[in-house]
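*Asks:* Please see the structure below; I have some questions.
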Amino acid sequence: MALNIEGTIEGSSQLIGGDFTTAGEASTLLKVKLTELGVAEDIIRRAAIATFEAEMNVVIYAAAGWLHYYISPQGIRIRIEDMGPGIADIGLAMQEGYSTAPDWVREMGWGAGMGLPNMKRNSDVFTIDSVVGEGTTVEMVINFP
Amino acid sequence: MTLKEIADILGATFITEPDNPDLHIRSACSSDMMSAVLYYHSPDSLLITGLTQLHVVRTAEIAGIISIVFVMNKRPDERAIELAGQKKIPLLTTPCCMYTASGRLFRAGLPGCSHK
Amino acid sequence: MKLLDVANALSLEVKSFKDGLQKDVTGAYVSDLLSDVMANSKQGNIWITLQTHLNIVAVASMKGLAGIVIVNGRQVQEEVLKRAEEEKMPIMVTQMPAFEIAGKLYRLLA
């Protein structure tokens with residue numbers, strides 16, 4: 001199916017820390033948008049998974065955050081910025097299996113140390129910046145074939 | 001394997017009635033960790049889990065899981081049931097634990113989600 | 001059946017407390033939730049999980065489980081293996097996902 005995209009289509013959602021019931025809504029909105037635009041299913045899946053993991057990180061660790069997306073004829077760029085504790089050692093945090101999640105988070109099915117690796121794996125370009133005590137910004141680009 | 005066959009093998013009951021009880025399931029994933037579901041998902045697969053929160057249904061939807069079986073007679077709350085209804089993801093509940101549910105379905109020929 | 005027979009039959013990679021392979025296996029439990037394992041696993045069970053967190057050793061030890069099988073080829077930290085050695089708890093690793101290793105073990109123990 002031909003892509004129906006002209007210029008850049010933008011959108012954003014506010015993310016609320018600790019709110020497990022609305023977590024995933026921003027990813028679902030993006031998914032719906034991409035489907036409307038005729039984007040291939042596997043690309044939508046990658047974008048939705050990467051975005052959902054990023055959303056969950058905000059819900060689990062931060063007070064609040066924003067998700068912005070930009071869809072162009074070349075691909076999707078997703079930026080998630082949060083007001084959270086920040087990550088002291090990004091190299092360690094990117095390691096599969098490493099997690100600082102407390103027990104209650106693990107009991108809810110998160111914190112297996114796969115979130116950041118999962119985001120990276122589903123992106124063509126993945127960047128992460130973090131300042132301890134201020135917050136974390138993740139940017140992911142998924143190119144259209 | 002069809003959804004109806006799975007329900008029979010597990011002695012499971014439908015929490016939300018499927019539009020199509022002959023829906024074809026190609027593989028299964030047994031997990032309580034949602035990132036693992038997002039990581040190892042396969043198309044047209046079944047999630048077997050002990051977690052019942054709303055975000056389990058969301059995870060399933062995002063990972064392309066087409067049905068969920070809750071083990072040990074667990075039932076999700078109304079909001080999760082409602083979301084599953086909207087997303088057309090049939091929910092089942094079985095008295096089996098995750099080990100027995102996995103064992104029976106594997107014995108009946110259902111493969112696991114591909115390991116990548 | 002002995003844990004050793006299970007480990008051999010399913011090609012599990014034994015990472016800690018090899019002496020424990022002489023333990024008898026009473027069945028298995030699959031879960032990634034520690035509270036669930038505390039509540040529902042039985043003595044002598046093999047615990048199949050994706051969790052590699054340090055607390056898995058304490059839970060398995062308190063419940064008298066035969067051993068822990070980590071799925072999907074996940075890496076287990078040295079700290080966890082060291083604790084498992086102290087607590088006399090065999091930790092084994094498989095490349096298979098939980099559904100598949102549970103399926104094979106179910107067939108083996110049936």
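*Asks:* Please list 3J(HN,Hα) in residue order for region C:83-99, calculated via the Karplus relation 6.51 cos²θ - 1.76 cosθ + 1.60 where θ = phi - 60°; whole Hz, with x for glycine and proline.
*Replies:* Karplus values, whole Hz, x for Gly and Pro: 4, 5, 4, 4, 8, 6, 10, x, 10, 10, 10, 10, 7, 6, x, 4, 4.
*Asks:* Can you give the angle from 0 to 90° between the axis of helix A:41-61 and the longest principal axis of chain A, with both taken from C-alpha atoms, to the nearest 10?
*Replies:* 30
*Asks:* A further question on this structure: Counting other Cβ atoms within 10 Å of each Cβ, which trypsin sites (Lys or Arg not before Pro) in region B:55-95 have at most 10 and sit in a DSSP loop?
*Replies:* When the trypsin sites (Lys or Arg not before Pro) of region B:55-95 are filtered for loop state and at most 10 Cβ neighbours within 10 Å, nothing remains.
*Asks:* Shifting gears a bit: For region C:3-109, take the convex hull of the Cα atoms, compute a quarter of its surface area, and give me that in nm², please.
*Replies:* On the way: hull surface 21.6 nm².
Result: a mean projected hull area of 5.4 nm².
*Asks:* Moving on to the next point. Give me the distance in nm between label points sitting 7 Å out from Cα along the Cα-to-Cβ direction at residue B:86 and residue C:109, one decimal.
*Replies:* 4.0
*Asks:* Shifting gears a bit: Mind jotting down the distance between the C-alpha centroids of region B:5-69 and region A:1-34, whole Å?
*Replies:* Spelled out, the Cα-based centre of one part sits 23 Å from the other.
*Asks:* Kirkwood hydrodynamic radius of region A:16-143 from all distinct Cα pairs, in Å?
*Replies:* Details: mean 1/r = 0.0681 Å⁻¹.
Taking the inverse mean of 1/r over all distinct Cα pairs, region A:16-143 comes out at 14.7 Å.
*Asks:* Add +1 for every Lys or Arg and -1 for every Asp or Glu among the other residues with Cβ under 11 Å from the Cβ of residue B:93, and state the total.
*Replies:* Once positives and negatives cancel, what remains is +2.
*Asks:* Next up: What is the Cα coordinate range of the protein assembly as shown on the first, second and third principal axes, sorted by size from largest, in whole angstrom?
*Replies:* 66, 50, 36
*Asks:* Could I get the Rg over Rh figure for region B:3-106? Both from C-alpha atoms, Rh via Kirkwood, rounded to two places.
*Replies:* Details: Rg = 11.8 Å, Rh = 13.1 Å.
Looking at region B:3-106, the ratio lands at 0.90.
*Asks:* Give, as a single signed number, the net charge of other residues whose beta carbon lies under 15 Å from the beta carbon of residue B:12, with Lys and Arg counted +1 and Asp and Glu -1.
*Replies:* It works out to a net charge of +1.
*Asks:* Under a crude label model (7 Å from the Cα following the beta-carbon direction), how far is residue C:86 from residue A:72 in nanometres?
*Replies:* Taking the simple label geometry, residue C:86 and residue A:72 are separated by 5.4 nm.
*Asks:* Right, here's the next one. Within region B:1-18, which residues have the backbone N less than 13 Å from the label spot 7 Å out from residue B:44 along Cα→beta-carbon, could you tell me?
*Replies:* Answer for region B:1-18: B:1-3.
*Asks:* Which of the pairs A:120/C:63; C:42/C:88; A:120/B:74 have their Cα atoms more than 28 Å apart in this structure? Mind showing how you got there, number by number?
*Replies:* Values: A:120/C:63 37 Å; C:42/C:88 17 Å; A:120/B:74 34 Å.
Beyond 28 Å: A:120/C:63; A:120/B:74.
Coordinate-derived values only; no laboratory data. Predicted model, so just to flag it, every value in this text is computed and none were measured. Every residue, glycine as well, gets a Cβ built from its backbone with ideal geometry; the counts of neighbours run over all protein chains shown.
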